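Colleague: Mind looking over this structure? Questions follow.
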Amino acid sequence: MDIRNLLYRPTEAEKSAVDEVLGPPDSGWDGGSFGGLDGRVAYGGHAAREKRHMLLPALHAVQDAVGGVSRGALGYISDRLTVPPAEAYGVATFYALYGVDETGITTIHVCDDIICTQYGAEALCDSLDDALGSNGVRWERSPCLGQCDRAPAAMLHQPGKGYANAAPVDTRSVRAIGFDELDPGVVHQDRSELALLRRVGDVDPESLESYRASGGYETLSRAVDLGPMGVIEELERSNLRGRGGAAFPIGVKWRGVAEAPGPIKYVIANGDESEPGTFKDRLLMEGDPFAVVEAMTIYGFATGATHGYVYVRGEYPTAERRLTRAISQAREAGLLGADVAGSGFDFKLEVRRGAGAYICGEETALFASIEGHRGEPRQKPPFPTQHGLFGKPTGINNIETLLAALYALQIGGVPFSALGTEQSSGPKLFCVSGAVDRPGVYEVPFGATLGELLELSGAGKIGAVLLGGAAGSFVGPEAMSMPLTFEATRAAGATLGSGAVIVFDDDTDFGPVLARIARFFRDESCGQCVPCRIGTVRQEEALGRLSGGRPLGSRQEERKRLDDLARVMTDASICGLGQTAASAIQSAIRLGLPGAPQ
Amino acid sequence: MTTTDRQRVTISASVDGKTVELPEGSSVLDACRSAGVGLPTLCYGPTMTPASACRVCVVELEGSRALIPSCSRELEEGMEIRTGTDRAEHSRRLVLELLGSASELDRSEEQLAGWMTMAGARSERFGPPAVEAPRQPPSPGHHGSPELAAAATVYEPAKVEDELYVRDYSRCILCYRCVDACGVEHQNTFAIAVAGRGFDSRISTEFDFALPDSACVYCGNCIAVCPTGALVGKIEYDMREQGAWDESSQEITRTVCSYCGVGCNLDLHTQDNRIVKVTSPHDHDVTLGNLCIKGRFGWSYVGSGVDG
């Protein structure tokens, strides 16, 4: 009777994959061979425990190398990082992209979310068992892969090679997904009139020279001239509000971090874009990675943070690779590291990869993920500007927000605030997908109406539009004149959320759409708080009974049950996921959409 | 700075319109209790840091969009707290109903049944419990089609792996108390953690190995904090299964553990003059309710040879 996991050893391939990320072990106490002074010297303490943040990178390393996390590999990683095996197992089983306890699996993740299903994803899924046969390739359904402008989408994971996106795919092409990277996506508008998208598809995302030739890094020089407080005051004048969903004023956040006491602070770019129907951050990270790096450098400079992270969604391998490359080029050019651009400011920036968890887009869950824990959100307060990553003051903003801040600093806060409306300033990106002729990311000033946006993308007869993704709400055709601003959508009981605009045509049966949304939340709930963990299950059950015409008791009782669940999830959940898990479904019911429970 | 120099700061707030004054560092729950309002708590045990997970103690706070967990929210000057609003009562009732619909609660801490009655919680409104099916290994992001006619539960067969503990996870409400007691809060053994995601999360050792094959040291401090009887001593489990467990006939005798010099208090629970369980008082300065394997389980010599 002893710890059984000690019986399992890592293979050489697993060991070298882990060592490549963590370096060789220091001693027999952290996975090396036991010898020398090991028996007489104490190791451990803070130095050992502080390595935990490398847990996800180490799990990724073995997953990518051998296609799964075996018992031996998990044990070795636990030794290397001084993480209890039970906790490492808890982390590995939290994230959808890790396969635990088996290796050698090639997996095709097929998106069956509410946009890809409009483009035949169900038929594709139905054909896959036959198409793939049993040659060691497995396929799985996946939530939105962020390729909604070219649905249906799939993602390949192959041992030894890693991840590759493919879109659009069909039964034939899904068997032959290669590792050639996709373009970021088509920009349908005239780039010369755009601010946030002006470089996407135009400037070489792999070349610092190309970025500089387009005016890149001029804003950093300007920021250095302004000084930290000058930057923050400029942003306060810009009236820029966060684009991630919560619409928090950026000046307040940056000032909060800058004025928080203590020598250690962090800044984070939230690129864990996982809201169904949202792909703008992918476009920016893939198409303009140096702008993300420049914006983060300014973020660190303004707030006094010397360490930054870009947390990239695990399903975005191209974005991760390009950002990593951009960071190393910037470092070589003296634009990161000690003495950034001759300003005397030290700044280190690194990329962290998510592992398949929608919840990690929530800021405190994202902190937990970087720290090497399960992506479980934390109760606020305390707020991140006081106690964030590793318990230190932390600034965290969405990718689009950071690029908008870069633009505000480029043109000046006051001119920026003159764009859009008084309460919603600046340019805004919208991800238009579904039943439109030209799906893609569109940049419009705040205040453009929904109808104008859909005209740009070529919509036909509309049944409903889902604003803000699964966590957003449906609006009907009568909302076409609604200005797309924070204030106007709020007044209409809707939300801009993540900027997803998912269009459904007028013969849509919304029953399956709502069922998919309910399934999504049931799958993506972290499981921490009761209203969301059990509420999302009961919501899926009640919705399924209603649409199947087999209510428990009367239809009224079933509706009451749904309403009660919506209410407790909205009122009492820890984080935004639970608080919005009923929002789209409730809005569909209110609008009386065809197929929604009546 | 000595303690006498320190200014004792008092925070003043209102609970249901009644002004309360408490020392700095108190929680909203403390404030509610001092105003005479009893609120249920599940994930917050008397010796533990609140996990803020169960949400059964939520109250309304003026100016806050969502309800707040009273156990973990620090009291601030001027807070206006309302405990009896329709909204707060609705959430507390729904949380109890949801818990009852997913887990078996009939062996929970005594107060729970009272809270359910008081709140008017009816778990059966979510349908009869789904047919007992073994739980699958964790597969985050995926789940099978719901049964619809019945409510999914956390059912799994009780894990009886040794002579000391039973882990009966059909009763687990995932309050994190056992994980925290095994980990940073008390024991620092880290034998168990939450594995999987969402509704499919469960308390697990690495790869779900049996407890004797894990890092568990059998201190039983997880049992001591479990509020629902998911973790129990083997003797208690067997007696309950046989219908022989009768708490009303049990006597509790307080004594001091005879093994080492720490001096842990032991409460010997006896039924029919035989020890059936050993605990330590939660309010004991030294133990905080914790013991080691010897104190909690090493008593079989008591009375040996008396009646065979």
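Colleague: Just to be sure before I move on: is A:C532 outside the structural domain of A:R141 (by TED's automatic domain parsing), touching a helix residue (DSSP H, G or I) at 6+ places or on another chain (Cβ under 6 Å), outside any helix (DSSP H, G or I) and modelled with pLDDT of 95 or more in the structure I sent?
Modeller: no
Colleague: Please give the number of the condition B:N221 fails out of (1) surrounded by fewer than 19 Cβ atoms within 10 Å (Cβ to Cβ); (2) away from chain A (no Cβ under 14 Å); (3) under 20 Å from A:I3 (Cβ atoms).
Modeller: (1) is the only condition that B:N221 fails.
Colleague: Still on this structure, I have one more. Taking only the range B:220-251 into account, find how many residues are outside any helix (DSSP H, G or I), over 21 Å from the mean Cα position of the chain (by Cα) and not acidic (D, E).
Modeller: Counting residues in the range B:220-251 that are outside any helix (DSSP H, G or I), over 21 Å from the mean Cα position of the chain (by Cα) and not acidic (D, E) gives 4.
Colleague: Can you tell me how many residues within the range A:1-45 are touching a residue at least 60 places away in the same chain (Cβ under 8 Å) and of a type in the set (K, R)?
Modeller: Total meeting the criteria: 2.
Colleague: Which strands (runs of 3 or more DSSP E) does the range B:1-97 wholly contain that include 1 or more residues that are surrounded by fewer than 23 Cβ atoms within 10 Å (Cβ to Cβ) and without any contact (Cβ under 8 Å) to a residue 40 or more places away in the chain?
Modeller: Counting at least 1 such residues, we get B:10-15, B:18-23, B:58-61.
Colleague: Sort out which residues of the range A:412-428 are among the hydrophobic types (A, V, I, L, M, F, W, C) and touching a strand residue (DSSP E or B) at 6+ places or on another chain (Cβ under 9 Å), and write them in order of number.
Modeller: Step one: list which residues in the range A:412-428 are among the hydrophobic types (A, V, I, L, M, F, W, C), which gives A:414, A:416, A:418-419.
Passing the criteria: A:F416, A:A418, A:L419.
Listed here are the residues, each with its yes/no results for (1) within 14 Å of chain A (Cβ to nearest Cβ); (2) among the hydrophobic types (A, V, I, L, M, F, W, C); (3) farther than 27 Å from B:H284 by Cβ.
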| position | (1), (2), (3) |
| --- | --- |
| B:R55 | yes, no, yes |
| B:A66 | yes, yes, yes |
| B:S70 | yes, no, no |
| B:R73 | yes, no, yes |
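Colleague: Hey, among A:G99, A:G104, which residue is closer than 28 Å to A:I359 by Cα and away from chain B (no Cβ under 14 Å)?
Modeller: On inspection, the qualifying residue turns out to be A:G104.
Colleague: While we're on this one: Pull up the range A:24-33, narrow it to residues that are farther than 27 Å from A:A355 by Cα and not small (G, A, S), then point me to the one that is surrounded by the fewest Cβ atoms within 10 Å (Cβ to Cβ).
Modeller: Only one residue fits best here, namely A:D26.
Colleague: Filter the range B:160-218 down to residues that are acidic (D, E), crowded, with 24+ Cβ neighbours inside 10 Å and more than 8 Å from every other protein chain (Cβ to nearest Cβ), then give me how many there are.
Modeller: Total satisfying the criteria: 0.
Colleague: Can B:P137 be described as away from every other protein chain (no Cβ under 13 Å) and either modelled with pLDDT under 95 or assigned to a helix (DSSP H, G or I) (or both)?
Modeller: No.
Colleague: Which condition from (1) at pLDDT below 95; (2) touching a helix residue (DSSP H, G or I) at 6+ places or on another chain (Cβ under 7 Å) is the one that B:G263 breaks?
Modeller: It fails just one condition, (2).
Colleague: Looking only at the range A:34-90, count every residue that is surrounded by fewer than 22 Cβ atoms within 10 Å (Cβ to Cβ), touching a helix residue (DSSP H, G or I) at 6+ places or on another chain (Cβ under 6 Å), away from chain B (no Cβ under 13 Å) and of a type in the set (K, R) and tell me the total.
Modeller: Summing the residues that are surrounded by fewer than 22 Cβ atoms within 10 Å (Cβ to Cβ), touching a helix residue (DSSP H, G or I) at 6+ places or on another chain (Cβ under 6 Å), away from chain B (no Cβ under 13 Å) and of a type in the set (K, R) in the range A:34-90 gives 1.
Colleague: Please count how many residues of the range B:154-194 are more than 17 Å from B:T49 (Cβ to Cβ) and among the polar types (S, T, N, Q).
Modeller: Residues meeting the conditions: 2.
Colleague: I'd like the residue in the range A:483-534 that is aliphatic (A, V, I, L, M) and closer than 30 Å to B:P138 by Cα and, out of all such residues, is surrounded by the most Cβ atoms within 10 Å (Cβ to Cβ).
Modeller: Step by step, filter the range A:483-534, then rank; the result is A:I534.
Colleague: Moving on to the next point. For the range B:106-127, indicate whether the set of residues that are in a loop (DSSP other than H, G, I, E, B) and either more than 26 Å from B:G38 (Cα to Cα) or more than 22 Å from the chain's Cα centre (by Cα) (or both) is non-empty.
Modeller: Initial filter on the range B:106-127 (in a loop (DSSP other than H, G, I, E, B)): B:106-109, B:120-122, B:127.
Filter again for either more than 26 Å from B:G38 (Cα to Cα) or more than 22 Å from the chain's Cα centre (by Cα) (or both), leaving B:127.
Scanning the range B:106-127, I find at least one residue that is in a loop (DSSP other than H, G, I, E, B) and either more than 26 Å from B:G38 (Cα to Cα) or more than 22 Å from the chain's Cα centre (by Cα) (or both), so the answer is yes.
Colleague: Got at least one residue in the range A:179-200 being closer than 26 Å to A:G344 by Cβ and not assigned by TED's automatic domain parsing to the domain that holds A:D64?
Modeller: Looking for residues that are closer than 26 Å to A:G344 by Cβ and not assigned by TED's automatic domain parsing to the domain that holds A:D64, one finds none in the range A:179-200, hence no.
Colleague: For A:A96, indicate whether it is surrounded by fewer than 20 Cβ atoms within 10 Å (Cβ to Cβ) and closer than 30 Å to A:T508 by Cβ.
Modeller: no
Colleague: Report, by residue number, each residue of the range A:461-502 that is within 17 Å of A:T570 (Cβ to Cβ) and either at pLDDT 95 or above or not β-branched (V, I, T) (or both).
Modeller: A:G468, A:G469, A:A470, A:A471, A:G472, A:S473, A:F474, A:R490, A:G493, A:A494, A:G497
Colleague: If you don't mind, another one. Can you find, within the range A:20-42, the residue that is farthest from the chain's Cα centre (by Cα) among those that are at pLDDT below 90 and under 26 Å from A:R374 (Cα atoms)?
Modeller: If we take residues in the range A:20-42 being at pLDDT below 90 and under 26 Å from A:R374 (Cα atoms), then A:W29 is farthest from the chain's Cα centre (by Cα).
Colleague: Taking A:K392 as the residue in question, decide whether it is more than 22 Å from A:A448 (Cα to Cα) and in contact (Cβ under 8 Å) with a residue 40 or more places away in the chain.
Modeller: yes
Colleague: Moving to a separate point now. Select from the range A:535-551 the residues that are surrounded by 21 or more Cβ atoms within 10 Å (Cβ to Cβ), farther than 18 Å from A:F94 by Cβ and at the interface with chain B (Cβ under 7 Å from one of its Cβ atoms) and list them in ascending order.
Modeller: Step one: list which residues in the range A:535-551 are surrounded by 21 or more Cβ atoms within 10 Å (Cβ to Cβ), which gives A:535-543, A:545-546.
Now narrow it down to the ones that are farther than 18 Å from A:F94 by Cβ: A:535, A:538-543, A:545-546.
Selection gives A:G535, A:R538, A:E540, A:E541, A:R545.
Colleague: Another question, then. Would you mention how many residues in the range A:473-486 are closer than 14 Å to A:L593 by Cβ and outside any helix (DSSP H, G or I)?
Modeller: 4
Colleague: Scan the range A:378-437 residue by residue and report those that are part of a loop (DSSP other than H, G, I, E, B), hydroxyl-bearing (S, T, Y) and surrounded by 24 or more Cβ atoms within 10 Å (Cβ to Cβ).
Modeller: Answer for the range A:378-437, where residues must be part of a loop (DSSP other than H, G, I, E, B), hydroxyl-bearing (S, T, Y) and surrounded by 24 or more Cβ atoms within 10 Å (Cβ to Cβ): there is none.
Colleague: Just to be sure before I move on: is A:D564 within 13 Å of chain B (Cβ to nearest Cβ), assigned to a helix (DSSP H, G or I) and farther than 21 Å from B:P138 by Cα in the structure I sent? Explain how you work it out, then say what you get.
Modeller: Values: within 13 Å of chain B (Cβ to nearest Cβ): yes; assigned to a helix (DSSP H, G or I): yes; farther than 21 Å from B:P138 by Cα: yes.
Criteria met by A:D564.
Colleague: Any residue at all in the range B:87-102 that's more than 13 Å from chain A (Cβ to nearest Cβ) and of a type in the set (V, I, T)?
Modeller: Filtering the range B:87-102 for residues more than 13 Å from chain A (Cβ to nearest Cβ) gives none.
No: zero hits.
Okay, residues lined up against (1) within 14 Å of chain B (Cβ to nearest Cβ); (2) modelled with pLDDT of 90 or more; (3) within 24 Å of the chain's Cα centre (by Cα):
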residue	(1), (2), (3)
A:H109	yes, yes, yes
A:C116	no, yes, yes
A:Y119	no, yes, yes
A:L128	no, yes, no
A:W139	yes, yes, yes
A:C144	yes, yes, yes
A:A164	no, yes, yes
A:A167	no, yes, yes
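Colleague: Now for a separate question. Which one of these is in contact with a Ser or Thr (Cβ under 9 Å, 6 or more places away or on another chain) and hydroxyl-bearing (S, T, Y): A:T103, A:T82? Break it down stepwise before answering.
Modeller: Values: A:T82 fails: in contact with a Ser or Thr (Cβ under 9 Å, 6 or more places away or on another chain).
Matching residue, one of A:T103, A:T82: A:T103.
Colleague: Same structure, new question: Any idea how many residues of the range A:218-240 are touching a Pro at 6+ places or on another chain (Cβ under 9 Å) and surrounded by fewer than 22 Cβ atoms within 10 Å (Cβ to Cβ)?
Modeller: The qualifying residues number 1.
The values are calculated or read from the model by the stated rules, or taken from the named source; none is laboratory data. In this text the structure is predicted, and so the values were computed from the model without any measurement. Every residue, glycine as well, gets a Cβ built from its backbone with ideal geometry; the counts of neighbours run over all protein chains shown.
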